[in-house]
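The values are calculated or read from the model by the stated rules, or taken from the named source; none is laboratory data. Bear in mind the structure is a predicted one, so any value in this text is a computation, not a measurement. Backbone-built Cβ (ideal geometry, glycine too); neighbour counts: all protein chains shown. These area figures cover heavy atoms from the full protein model, side chains too; ligands, DNA and RNA do not enter into them. Shrake-Rupley method; radii C 1.70, N 1.55, O 1.52, S 1.80 Å.
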Amino acid sequence: MLLKFYTNGANCESLYKENVLSRNPALVLENIDKLHELLGENDKNLTLIEELLGVKVFIKGNELFLETDDENKKLILKGIIDQLEDYVKLGQVPGTDLIKAIHYSLDKGKHEKVTFLRDTYIVIPHSSQKVFPKTFNQALYVDAIEKNEMIFAIGPAGTGKTYLAVAMALKYVLTRSLKKLIITRPVVEAGESLGFLPGDLAQKINPYLRPIYDAMESILSLEHIKKLEENGIIEIAPLAYMRGRTLSKSMVILDEAQNTTQEQMKMLLTRIGEGTKTIITGDITQIDLPAKKGSGLLHAISIMKHIKEIHFQFFKELDVVRHPLVRKIVKAYEKDDAKP
């Protein structure tokens, strides 16, 4: 009520802040040395936390204050900060997608999801890097790869389907749990003919396999990847090269599976040998085949979804972590596709 007696906006804001800081803090940090990592560059994490909570957060030394006395919001703030501190200790720089996932689970009272999300990360041997899922569905995906021999990952672009599959595969081959990583994808033109691309066959195919190399190069050095390829531990090839082979004790990743024909999908899945894990990734909204109904991925989902040994992980627009704009674009297309 005192605020109405002030005509100067700066004085009002100062008085309001003093009033908030006179209350009991919502949270007291034991260690503020890494506070800047928790808050993010230019306090972007703090700004997001305020948006998610719907209230302002004020900081004084190692104390955090909320402009509300809502105990539930205070508990959620404490839960978010506690989790972010754990992530920093593990070597992860907290980002916006992670904070949103943590807040969503805490807000719904699903604390076990927060713990599962934090503890389900991938340690890459011979690298200081750890790969952390950024959404609960991504954590389920990583866990499913660990526990199942065949996994289908279906969802829009930017949900980490290929990246997390590659990270898990590198973990397995670098620890020698599996002897080889085989990554394949169909070569299907989307508006540009393969025949008009310059170079020999290897050079023509390279643009189609570039996304896979990008994923690997974000985890390991280019020199390390080349060495693994030279030693035959990593093999990247078009799907047609898989015919007639038996793929044993390997991690097999079929990327862009929505562009396989039913025959190609059957061919690959029947190549699987003893001790092999297989991950099939795809986006059923980006089928470039002339007859979309002939997609091997759509067919596989329809006939194998009841096989208990096969895990199907479906990602949604909320799982897009590539760029906030990509999430909005995916949502816009989903709305357009839903129109009658």
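Here each label is just a point 7 Å from Cα along the line to Cβ, and for Asp143 and Lys335 those points are 3.3 nm apart. Near Ala153, the amide H atoms lying under 5 Å from its own belong to Ile280, Thr281, Gly282, Gln313; only residues 5 or more places off or on other chains count, and H is placed 1.01 Å from N. Note that the stretch 125-130 has calculated 3J(HN,Hα) couplings of x, 6, 8, 7, 8, 10 Hz, one per residue in order, obtained from phi through the Karplus relation 6.51 cos²θ - 1.76 cosθ + 1.60 (θ = phi - 60°); glycine and proline are x.
A DSSP coil position with no more than 12 other Cβ atoms inside 10 Å describes the following trypsin sites (Lys or Arg not before Pro) in the stretch 109-188: Arg176. Please list the non-local residues whose amide H lies under 5 Å from the amide H of Val252, H modeled 1.01 Å from N, same-chain partners needing a gap of 5 or more. Amide H neighbours of Val252, under 5 Å, 5+ apart: Ile182, Lys277, Thr278, Ile279.
Annotation: amide H-H contacts under 5 Å for Gly160 (H modelled 1.01 Å from N, sequence separation of 5 or more, or interchain): Val321.
Per-residue Karplus couplings for the stretch 60-74, computed as 6.51 cos²θ - 1.76 cosθ + 1.60 with θ equal to phi - 60°, are listed in order as 9, x, 9, 10, 10, 10, 10, 7, 10, 9, 5, 5, 5, 5, 5 Hz, Gly and Pro entered as x.
I need the GluC sites (Glu not before Pro) found in the stretch 24-132, filtered to DSSP loop residues with at most 11 other beta carbons within 10 Å of theirs. Those that pass, being in a loop and sparsely packed, are Glu30. With all protein chains in place and a 1.4 Å probe, the accessible surface of the stretch 81-158 carries 48 percent carbon and sulfur. Annotation for the stretch 234-298: GluC sites (Glu not before Pro) lying in DSSP loop with at most 16 further Cβ atoms inside 10 Å of their Cβ are Glu274. Taking all protein chains into account, the per residue accessible area for the stretch 42-185 stands at 42 Å² (1.4 Å probe). In terms of distances greater than 24 angstrom between alpha carbons, the cross-link table entries Lys74/Lys108; Lys180/Lys305; Lys134/Lys308; Lys44/Lys73; Lys161/Lys266 yield Lys180/Lys305; Lys134/Lys308.
Using the Karplus curve 6.51 cos²θ - 1.76 cosθ + 1.60 with θ = phi - 60°, what ³J(HN,Hα) values do you get for each residue of the stretch 218-233, in whole Hz, with x for Gly and Pro? For the stretch 218-233, the Karplus curve yields 7, 10, 10, 5, 4, 5, 5, 5, 4, 5, 5, 5, 4, 7, x, 7 Hz.
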